[in-house]
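The values are calculated or read from the model by the stated rules, or taken from the named source; none is laboratory data. Treat the numbers as computed from the prediction; the structure is a model and nothing was measured. No Cβ is skipped: glycine too gets one built from the backbone with ideal geometry, and neighbour counts run over all protein chains shown. Quick note on the areas: whole protein, heavy atoms, side chains included, nothing else; ligands and nucleic acids left out. Shrake-Rupley method; radii C 1.70, N 1.55, O 1.52, S 1.80 Å.
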Amino acid sequence: NFLSAQASAELGKALYDVTLIMAGDYFIIAGIAVIFDVPPKKLPWAMLGSLISCVIMLIGDAIGLDPLITNMAATALPCVYCEIMARVLKTPTTVFMIPSLLPLVPGSRLYYTMFYLFSGEQALFMDNMLAAVKICTGIAMAIIVVTGAVRWIEAAKRQRIEKEKANG
């Protein structure tokens, strides 16, 4: 056998847990996307970005990557996806970006940061605050890099088109 009975059981439980997390995220994000008036025809495409970010985040956590790196990766790929889908479906990028990145928001970390601050547990407060800052920094850095790259590419494309019009 490739896996022992215990390893097989642990793998099965992990896959079950991941499936529950992704299903829960999917339905929660779908509800939020409806609140933000994502058009029904574009909702499945917006939700695909959410699944992409969730899967990348779960993989990064499972292999033990630093929260900064995990969240940069879990933000960058969905951002690229959102930029592409915005152009393909002729829709503002935010329609895809908001549902795609919501699973990454460190809600529980922020809650526990404030909880430990007000309960006077300084060490736990600092641990949670630093983790929340790493997560938020990773998300922000990836958004800035991807959005900046897309704008740079679009500007270069416009310059090339204007140059061709002027020359010919």
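Between residue 88 and residue 110, what is the spin-label point distance in nm, taking each point 7 Å from the Cα along the Cα→C-beta axis?
Result for the modelled spin labels: 3.1 nm.
Suppose the chain between residue 43 and residue 23 were pulled fully straight at 0.36 nm per residue; how much longer would it get relative to their current alpha carbon spacing?
5.7 nm
Where the only charges are on Cβ atoms (+1 Lys, Arg; -1 Asp, Glu), what is the dipole of the chain about its Cα centre, to the nearest 20 debye?
So the magnitude is around 920 debye.
Put +1 on the Cβ of each Lys and Arg and -1 on the Cβ of each Asp and Glu in segment 75-168; which of 130, 76, 118 then has its Cα farthest toward the positive end of the dipole?
76
How large a share of the accessible area of segment 33-74, in percent, is made up of carbon and sulfur atoms when the probe is 1.4 Å and the other protein chains stay in place?
76 percent
Report the relative contact order of the chain, percent, no decimals, based on alpha-carbon pairs under 8 angstrom and at least 6 residues apart.
Computed over the chain, the figure is 23 percent.
Which longest run of the chain has no exposed loop site in it, a site being trypsin sites (Lys or Arg not before Pro) in a DSSP loop with at most 13 other beta carbons within 10 Å, and the site itself not part of the run?
In short, 91-168.
So, with a 1.4 angstrom probe, what is the percent of accessible area on segment 112-158 that is carbon and sulfur?
Accessible surface attributable to carbon and sulfur in segment 112-158 totals 74 percent.
Just to confirm, what accessible area per residue do you get for segment 65-150 at 1.4 Å probe, in whole Å²?
Spelled out: the 1.4 Å probe surface of segment 65-150, per residue, equals 52 Å².
222 nm [θ] for the chain, helices only, -39500 (n - 2.57) per DSSP H run of 4+, per residue, to 500?
Helix-only estimate at 222 nm: -29500 deg cm²/dmol.
Contour minus end-to-end for residue 151 and residue 32, with contour as 0.36 nm per residue of separation and end-to-end as the Cα-Cα distance?
40.1 nm
Looking at the P(r) of the chain, how many percent of alpha-carbon pairs lie beyond 21 Å?
Counting every Cα pair in the chain, those more than 21 Å apart make up 59 percent.
Would you work out if segment 70-156 is rounded, prolate or oblate? Take a ≥ b ≥ c from the square roots of the eigenvalues of the alpha-carbon gyration tensor; rounded if a/c is under 1.5, else prolate when a/b is larger than b/c, oblate otherwise.
The shape class here is prolate.
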